[in-house]
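The block underneath contains the structure these notes are about, expressed in structure tokens.
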Amino acid sequence: MEKWLYRISVAFVIVGLLISIYMTIYKITNDGRMCLGSGDCSTVNNSRYAEVNGFPVAGIGIIGYAAILAVLFLERRPGFFEQNGTLLIFGMALAGFLFTLWLIYVELALIHAICPFCVTSQVAMTLIFIIAVIRLIRQPQV
């Protein structure tokens, strides 16, 4: 495993996790001051697309980023995660990237508003996915 790819992955996952936590707090509190000057943030966060069956989309982000982070840490331990961690991370990053594409479509085509926090999370997940692909390709074959 190349250390720099691992470290960059961890960094982007932490960024995504922190943004998801921030946006979940914003969704729960509905404190407009948390948008930091962007009305589009409020538009996106108050849309019907900001929840899935009453659960905040940002909360889904927390779960996804936390799961990827957990596997990143566990893949350094001998056993199942050491052998399968790269593939698991790829699978989770692929799911996150596909969800990101959906969210981009929703923001641009349906809501007509762009949340800067959401874009930052979307960029982070896209980079996590790209790094996961690179790590999977470079993984030594046993």
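Quick look at the numbers
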quantity: Qualifying residue in the range 126-142 (condition: touching a residue at least 24 places away in the same chain (Cβ under 8 Å), assigned to a loop (DSSP other than H, G, I, E, B) and of a type outside the set (A, V, I, L, M)); calculated: yes
quantity: Matching residues, the range 82-125, being without any contact (Cβ under 8 Å) to a residue 40 or more places away in the chain and among the aromatic types (Phe, Trp, Tyr); calculated: Phe97, Phe99, Trp102, Tyr105
quantity: Number of positions in the range 1-15 that are open to solvent by 40 Å² or more (accessible area, probe 1.4 Å) and in contact (Cβ under 8 Å) with a residue 12 or more places away in the chain; calculated: 6
quantity: Some residue of the range 51-64 being over 17 Å from the mean Cα position of the chain (by Cα) and more than 16 Å from Val119 (Cα to Cα); calculated: yes
quantity: Flag if Leu18 is modelled with pLDDT of 90 or more, within 17 Å of the chain's Cα centre (by Cα) and open to solvent by 50 Å² or more (accessible area, probe 1.4 Å); calculated: yes
quantity: Selection from the range 112-142 of residues that are of a type in the set (Val, Ile, Thr), more than 11 Å from the chain's Cα centre (by Cα) and at pLDDT 95 or above; calculated: Ile130, Ile131, Val133, Ile134
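Residue-by-condition table, conditions (1) charged (D, E, K, R); (2) closer than 15 Å to Ala124 by Cα:
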{"position": "Leu5", "(1), (2)": "no, yes"}
{"position": "Met23", "(1), (2)": "no, yes"}
{"position": "Asp31", "(1), (2)": "yes, no"}
{"position": "Leu36", "(1), (2)": "no, no"}
{"position": "Ser47", "(1), (2)": "no, no"}
{"position": "Ala58", "(1), (2)": "no, yes"}
{"position": "Ala66", "(1), (2)": "no, yes"}
{"position": "Ala70", "(1), (2)": "no, no"}
{"position": "Arg77", "(1), (2)": "yes, no"}
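Condition check ((1) of a type in the set (Phe, Trp, Tyr); (2) closer than 20 Å to Val119 by Cβ; (3) in contact with an Asp or Glu (Cβ under 8 Å, 6 or more places away or on another chain)) across all residues:
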site	(1), (2), (3)
Trp4	yes, no, no
Leu18	no, yes, no
Asn45	no, yes, no
Gly91	no, no, no
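The values are calculated or read from the model by the stated rules, or taken from the named source; none is laboratory data. Since the model is a prediction, treat every value here as computed from it, not as a measurement. Virtual Cβ from ideal backbone geometry, glycine too; neighbours counted across all protein chains shown. The accessibility values were calculated without ligands, DNA or RNA, using every heavy atom of the protein model including side chains. Shrake-Rupley method; radii C 1.70, N 1.55, O 1.52, S 1.80 Å.
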